[in-house]
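Any read-out appearing in this document is the output of simple, stated calculations on the displayed coordinates, not a laboratory observation. Values in this document were obtained by computation on a predicted structure and should not be read as measured data. Please note: Cβ atoms are built from the backbone with ideal geometry, for glycine as well, and neighbour counts cover all protein chains shown.
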Amino acid sequence: MPLIILAGAPGVGKSTVQNVALEQLQTVKPVKVATFGDYMFEMAQRAKLVQNRDEMRSKIPREKYKELQQKAAEQIAKDAKDRNIIVNTHLSMVTASGLIPGLPLDILKLLNPKLIVIVEADPEEIELRQQEDKARERSDFGDARKLSDFQNYSRSCAAAYSVIQNVPVKIILNKQGKIRDAAGELVEALKNAF
């Protein structure tokens, strides 16, 4: 069954866009959402590596992180065999050393996406959304310049992933107060993919 990658910077509103879109789409085709970070977090928590999701970016050694990515991708690929699936994830990651691809080649090939969707917004808007979200710790993304760099690098990753997998990339702009417009674009992209 088709597997779709849905990505965007933390705080861009991708999960909200996804949820609004799924309200409309579920009446047409059932879709499972697999949040890549949730799969990894559950494994990391069981291994007592972290206490919350935001610690995953800073407290897990790189090799262990890669191992968690691999196991999460294997489970998601297995789940996608018999259902339409959206993988809610990031195309790039912030590390102490700099930005890295969020979907290394082995993970990308295992997931084998049919479409990559990026939700973007003005970096200043994302910064404000992050500041309002008290449930998460996102200081490593904390200003508009870093967010702009992150979005640009994520676009570069999407282009590379697109070439490797020979799949289209859809970019959706999630403007402040226009969530239904962004969700409508996602619904159309998903209908074409599923």
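Would you please put 45-56, 5-16 in order of how densely packed they are, using the mean number of other Cβ atoms within 10 angstrom per residue and starting with the highest? Please list the in-between numbers first.
Values: 45-56: 14.0, 5-16: 23.5.
Answer by packing, highest mean first, reads 5-16, 45-56.
May I ask for the equivalent-ellipsoid semi-axes of the chain, computed as the square root of five times each C-alpha gyration tensor eigenvalue and listed largest first in whole Å?
Numbers: eigenvalues 108, 91, 51 Å².
Semi-axes from the Cα gyration tensor: 23, 21, 16 Å.
State whether the stretch 90-193 is rounded, prolate or oblate according to the following rule on the C-alpha gyration tensor (a ≥ b ≥ c being the square roots of its eigenvalues): a/c under 1.5 gives rounded; otherwise a/b larger than b/c gives prolate, and the remaining case gives oblate. Please list the in-between numbers first.
Numbers: a/c = 2.22, a/b = 1.18, b/c = 1.88.
In terms of gyration-tensor shape, oblate.
In a shell of Cβ-Cβ distance under 14 Å around residue 154, excluding residue 154 itself, what net charge do Lys and Arg (+1) and Asp and Glu (-1) give? Could the numbers behind the result be given before it?
Working: positive: 14, 146, 155, 170; negative: 120, 149.
After counting each charged neighbour, the total is +2.
For the chain, what relative contact order do you get, as a whole percent, if you take Cα pairs closer than 8 Å and at least 6 residues apart? Display every interim value, and only then the final one.
Values: 293 pairs, mean separation 67.9, N = 194.
RCO, the chain: 35 percent.
Compute the relative contact order of the stretch 1-98 as a whole-number percentage, counting only Cα pairs closer than 8 Å that sit 6 or more residues apart in sequence. List each step's numbers first, then the result.
Numbers: 98 pairs, mean separation 51.1, N = 98.
Value for the stretch 1-98: 52 percent.
Of all DSSP beta bridges located in the chain, what percent are antiparallel, nearest 5? Walk me through the intermediate numbers first.
Working: 4 of 24 bridges.
Antiparallel: roughly 15 percent of the beta bridges in the chain.
Quick one: which of 170-179, 113-122 comes out on top by average Cβ neighbours within 10 Å, and what's the full order, highest first? Before the final figure, lay out each step's value.
On the way: 170-179: 15.8, 113-122: 22.7.
Top of the packing list down: 113-122, 170-179.
Tally Lys/Arg at +1 and Asp/Glu at -1 over every other residue whose Cβ is under 14 Å from the Cβ of residue 101; what's the total? Please list the in-between numbers first.
Numbers: positive: 62, 66, 109, 155; negative: 106.
Cβ neighbours under 14 Å give a net charge of +3.
With springs connecting C-alpha atoms under 10 Å apart, model the chain as a Gaussian network and identify which of 101, 30, 123 has the largest mean-square fluctuation.
Checking each option, the largest mean-square fluctuation is seen for 30.
Based on the alpha-carbon set only, what is the convex hull volume of the stretch 8-94 divided per residue, in Å³? Could you put the intermediate results ahead of the total?
Values: hull volume 8.8 nm³, N = 87.
It is 101 Å³ per residue.
Below 13 angstrom from the Cβ of residue 172, what's the summed charge of the other residues (Lys, Arg +1; Asp, Glu -1)?
Details: positive: 14, 155, 170, 175, 178, 180; negative: 120, 181, 185, 188.
The answer is +2.
Might you report the magnitude of the Cβ-based charge dipole of the chain about its Cα centre, with Lys and Arg at +1 and Asp and Glu at -1, to the nearest 20 debye? It would help to have the intermediate numbers written out before the result.
Values: 29 positive and 25 negative charges, 110 e Å.
Roughly 520 debye for the chain.
Quick one: which residues, 5+ away or cross-chain, put their amide H under 5 Å from the amide H of residue 170? H built at 1.01 Å from N.
Those lying under 5 Å, H to H, from residue 170 are 116, 117, 118.
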